[in-house]
Amino acid sequence: MPDEKPKFYLTTPIYYTNGLPHIGHTYTTVVADAIRRYKRMRGYEVVMTTGTDEHGVNVERAAQKAGIPESEYVARMAVTWKALWDELGIPADEFVRTTDLRHVRTVQWLFKLCKENGYVYKGHYTGQYCIYDNAFVNDAKPGDSCPDCGRPLETITEENYFFKLSAFQKPLLDFYKKNPNFIQPETRKNEIISFVEGGLKDLSITRTTVHWGIPVPGEEPHVFYVWFDALTAYLSAVGGPDYENRGFWPADLHLVGKDIIRFHTVYWPAFLMAAMLPVPKQVWVHGWFLMDSSKMSKSKGNVVLPRPIANMLGMDAMRYFLMREVVFGQDGNFSYDALVTRYNSDLANGLGNLASRTAAMIEKNFVGKIPKPGPRLPQDDAIARVASETIGEAFEQFENFAFARSLEAIWTAIAAADKYLTSEQPWALGDSEADTQRKAAILWTTAELLRIVTVLAHPVLPDSTAKVWALLGQPGRVSAVELDGLRWGQLATGVQLGKAQALFPRVEKQEAIERIEAMANEELNPAPAAHAATASGAAAAPATAEKIGIEDFAKVEMRVGQIKTAERIVGADKLLKLTVDIGTEIRQVCAGIAQYYEPEKLIGRKVAVVVNLAPRKLRGVESNGMIVAASVGPEGRPVLAGFPDEDVEIGARLK
Ligand code: ME8
C-alpha cells in the first residue's frame, strides 16, 4: 500500500504491582508519551506499550498481607496503575498485564522455541536471591546484601530449567558491533560490552519455590522466572506468536531506567536470538530521579507522587519539568522548589505570558483577528531566522533524546520574542496608517513565532499547546500539524482569536509546595471514606442504611451559616474555598461544588453546615466543617440545602 504510514513501536518497563506509581515511573511513561506524540506528528503509526509485572514472590507476599488471593490483588493494582496513566493523559495504546492470557501464551511459546532450538536444559541451582528484585545475584555469598537495593539476600536451591546464556557471549558482542545504536547512551553501551566480555553464566529461567507465576506447560510445579516472563510482555502486547500480522515487532525502542539495563540489553536479546525472533532496535537507558540524593522508595518515606503535582500545577508542568530539568540518561535530583521555580519562570512568565500578551495586543489593536503583516524590517526577519533555526535545533535534539536541549532551544526562541516585543514596543505606536502597519508586522511576527514554538512544544506540553493553538484561532488540532512541513510564514491570518484562558497561573512558591505536600500526604494516608464526599462533590449515599437512634443524629451538630467569601482553588477543579459565618465564628470550609456554583453568586447565601466535623485538608486546603448538599442524578450533582422562605438566624441549630 503506497500511503501506509511507517510503524513505530516503543515501550516503557512493565511496572511491578507490589508498589504504587511514583514520579520515577511517571518519568519513563511521560518520556514515552512525548516520543509517541512527536513520532505521530512526523507521520508514524505508533504503538506505545506499558503495563504491569504481576508475578513473583513479592506479589505472593503482598497479597498474603492484604489477605486476598493474588489474582484479586494484582487485578486491583493493575486498575490503579492503568487509571493513573489515563488520568494523567499518558495512557498506553497497549496496556499489558503479565496475567493476561495473550501474554501467558506468548511466554510459553517463547520457551518452547528456545527449548526446541537447544538453548534450554534442566539442572539444579543454589544461589543468593533477592526477593525484592526477583533476581539471583551471581557471585554473592550467604549473608550478603543485594548490590542493587541493599536488602539481605536469601539462599535458595531448586530444580530449574536453565537458559544457555553462555552460548550468546559472541552473538551478543557481534550484535552490539553491528548495531552500534542498540544501547544508548554510549557510556551504557561500554558498560554492557565489558560485562558481556567478562563472560556469561547460564541463567535459571524457571522456579519451583514460587507458585504465583506462569506455569511451564507439562512441568508443574515449574513456573517461569519473572524476567523471562516480564520481558516477553513487550512481544505479547503486539501479537505474540502472531506478531508478523500486527507488523510492530521488532520494537523500535525500549525505554528503561538504569536499574534494569542488563535484563534488556543482555538477557532479552539472547532469549529472542535463541528463539530466532527479531531483536529490538534500541534500548535507551535513562538515569534516576533521586530525592535527597537517594533512590525513592516508600520504605524510605521519600517518594514523590505525580497526582498532587498534576493537581496543583497541571500535568504539562510536571512533563516540562521532568524533561527539561535533567539531561536524559543522567541522574537528577527531584525538588519541589526547582519544580515550582521552573513553573513560574518558564511556563507562567515564559510561554504563558508571551501567549496572553500577544493575544491581548491583537485583541486590542485588530479586533481579535490575526493581522496580515505590513512591510518588514530587519528585526522582524531576525525573528523569522530565530524561529526557523529553532525548528531545526529542536528536532535534531529531540531525535537524539536530548529533550532538555530541545526545550532549551524552544525557550530561547520565546525569550527572543519577549525581547523583540520589549524593544519594538507595539503598545507605544499610534493609530496612523504607518503605525498600524508596523503594529501588524510586529504582532504577526510574534504570533507566528508563538505558533511555531507551540507546535514544537506540543509533544511535551500537549494540553497547554492545544490551548495556545485555539487561542491563536489556528485551524485543526495542533497534534495534527505535520512536523516535517513546519515552516516560517504559515500562520493563518484574518482568523479570529479564541477565548483567552489562563494557561499557567502564577503560584506562590511556598504555598504551592505546602499544598502539593499536603495532597501527597492525603494520598499516602487516605482519610476515611466519609470525608471524601466533600472533595468529590456530594457523593451519592446508599439509599438505605442501617437505622440509627436520635442520640446518634444528635452527635452531628448542624447550623445555619452564611457564606462570606467564595473562591476557586488553583489545581482543584471541583473545590471552592468558602468562609462561612456560623454565628459564633467565621470558618473556612471547602466544598466540592465548584463545577455547579459560581463563587460570586454564593456570597450572602445561607447554608446548612456540619460544624463539629474534625478539620482536615482537602487538596492541601484546610477545611473546618462541611456544607450540606443533596446529591442529584447519576453524576451526583450537588444542590445546596438552604432556607429560601424564612429569614433564619445565623448560627441556628438544625434538629
Ligand atoms: O523493574 N527515577 O519494575 P519497577 C527514574 N517490573 N525512573 C524510575 C525511578 C526513579 N527514581 N524509579 C522507577 C521493574 N523508575 C520490572 C520491569 S520490564 C520487562 C520489567 C522507572 O516497577 C524506570 O523506568 O521497579 C525503571 O526502570 C522502572 O521504573 C522500574 O520499575
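Brief remarks on what is shown
- If you go through segment 95-124 and keep only what is closer than 11 Å to Ala233 by Cβ, touching a strand residue (DSSP E or B) at 6+ places or on another chain (Cβ under 6 Å) and open to solvent by 40 Å² or more (accessible area, probe 1.4 Å), you end up with just Arg97.
- Top-ranked residue of segment 584-612 - restricted to ones that are in contact (Cβ under 8 Å) with a residue 24 or more places away in the chain, surrounded by fewer than 15 Cβ atoms within 10 Å (Cβ to Cβ) and more than 36 Å from the chain's Cα centre (by Cα), ranked as farthest from Ile650 (Cα to Cα): Asn612
- One residue alone among Ser356, Ser423, Ser388 is farther than 30 Å from Arg42 by Cα, at pLDDT 95 or above and part of a helix (DSSP H, G or I), and that residue is Ser423.
- Selection status of Arg451, of a type in the set (Lys, Arg) and over 26 Å from Ala502 (Cβ atoms): no
- Search result, residues across segment 147-187 that are of a type outside the set (Lys, Arg), part of a loop (DSSP other than H, G, I, E, B) and either crowded, with 17+ Cβ neighbours inside 10 Å or in contact with a His (Cβ under 8 Å, 6 or more places away or on another chain) (or both): Leu153, Phe182, Pro185
- Contacts under 7 angstrom Cβ, first residue in segment 219-238 being among the hydrophobic types (A, V, I, L, M, F, W, C), partner near the ligand (Cβ under 8 Å from one of its atoms) and open to solvent by 10 Å² or more (accessible area, probe 1.4 Å), 6 or more apart: Trp227/Phe263; Ala230/Ile14; Leu231/Phe263; Ala233/Ile14
- Qualifying position, being closer than 30 Å to Gly123 by Cα, buried (at least 24 other Cβ atoms within 10 Å of the Cβ) and modelled with pLDDT under 95, among Tyr225, Tyr234: Tyr225
- Search result, residues across segment 506-523 that are in contact (Cβ under 8 Å) with a residue 40 or more places away in the chain, assigned to a loop (DSSP other than H, G, I, E, B) and either charged (D, E, K, R) or surrounded by fewer than 14 Cβ atoms within 10 Å (Cβ to Cβ) (or both): Arg506
- Residues located in segment 8-55, provided they are open to solvent by 20 Å² or more (accessible area, probe 1.4 Å) and either in contact with a helix residue (DSSP H, G or I) (Cβ under 8 Å, 6 or more places away or on another chain) or hydroxyl-bearing (Ser, Thr, Tyr) (or both): Phe8, Tyr16, Asn18, Gly19, Leu20, His22, Arg37, Arg40, Arg42, Gly43, Tyr44
- Within segment 129-146, the set of residues being away from the ligand (no atom under 15 Å from the Cβ) and either part of a loop (DSSP other than H, G, I, E, B) or more than 21 Å from Ala230 (Cα to Cα) (or both) comprises Val137, Asn138, Asp139, Ala140, Lys141, Pro142, Gly143, Asp144, Ser145.
- Residue that is open to solvent by less than 60 Å² (accessible area, probe 1.4 Å) and free of Cβ contacts under 8 Å to residues at least 24 places away in the same chain, where the choices are Leu407, Leu421, Leu429: Leu429
So that you can scan it fast, the table gives a plain yes or no per residue for (1) farther than 27 Å from Glu325 by Cα; (2) more than 13 Å from the ligand (Cβ to nearest atom); (3) touching a Cys at 6+ places or on another chain (Cβ under 9 Å):
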position	(1), (2), (3)
Val31	no, no, no
Asp53	yes, no, no
Gly56	yes, no, no
Ile68	yes, yes, no
Glu72	yes, yes, no
His103	yes, no, no
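- Among residues of segment 1-22 being near the ligand (Cβ under 7 Å from one of its atoms) and not polar (S, T, N, Q), the one that is modelled with the lowest pLDDT is Gly19.
- Flag for Leu203 being at pLDDT below 95 and among the hydrophobic types (A, V, I, L, M, F, W, C): yes
- Test result for Leu255, hydrophobic (A, V, I, L, M, F, W, C), touching a strand residue (DSSP E or B) at 6+ places or on another chain (Cβ under 9 Å) and at pLDDT below 95: no
- Test: residue in segment 189-212 that is in a helix (DSSP H, G or I) and within 16 Å of the ligand (Cβ to nearest atom): yes
- Residue check, Ala62 open to solvent by 10 Å² or more (accessible area, probe 1.4 Å) and of a type in the set (Gly, Ala, Ser): yes
- Among the helices (runs of 4 or more DSSP H) confined to segment 224-332, the ones with at least 1 residues that are away from the ligand (no atom under 15 Å from the Cβ), in contact with a Gly (Cβ under 8 Å, 6 or more places away or on another chain) and closer than 22 Å to Val31 by Cα are located at 306-313, 315-325.
- Residue match in segment 434-449 (condition: open to solvent by 40 Å² or more (accessible area, probe 1.4 Å), assigned to a helix (DSSP H, G or I), without any contact (Cβ under 8 Å) to a residue 40 or more places away in the chain and more than 21 Å from Gln490 (Cβ to Cβ)): yes
- Residue tally, condition among the β-branched types (Val, Ile, Thr), buried (at least 17 other Cβ atoms within 10 Å of the Cβ) and in a loop (DSSP other than H, G, I, E, B), over segment 359-385: 1
- Counting only residues that are under 30 Å from Glu511 (Cβ atoms), touching a strand residue (DSSP E or B) at 6+ places or on another chain (Cβ under 7 Å) and not hydroxyl-bearing (Ser, Thr, Tyr), segment 618-635 holds 10 of them.
The values are calculated or read from the model by the stated rules, or taken from the named source; none is laboratory data. All values derive from a computational prediction rather than experimental measurement. When we count neighbours, we look across all protein chains shown, and the Cβ atoms used for this are built from the backbone with ideal geometry, even at glycine. Surface accessibility is based on the protein's heavy atoms, side chains included, excluding ligands, DNA and RNA. Shrake-Rupley method; radii C 1.70, N 1.55, O 1.52, S 1.80 Å.
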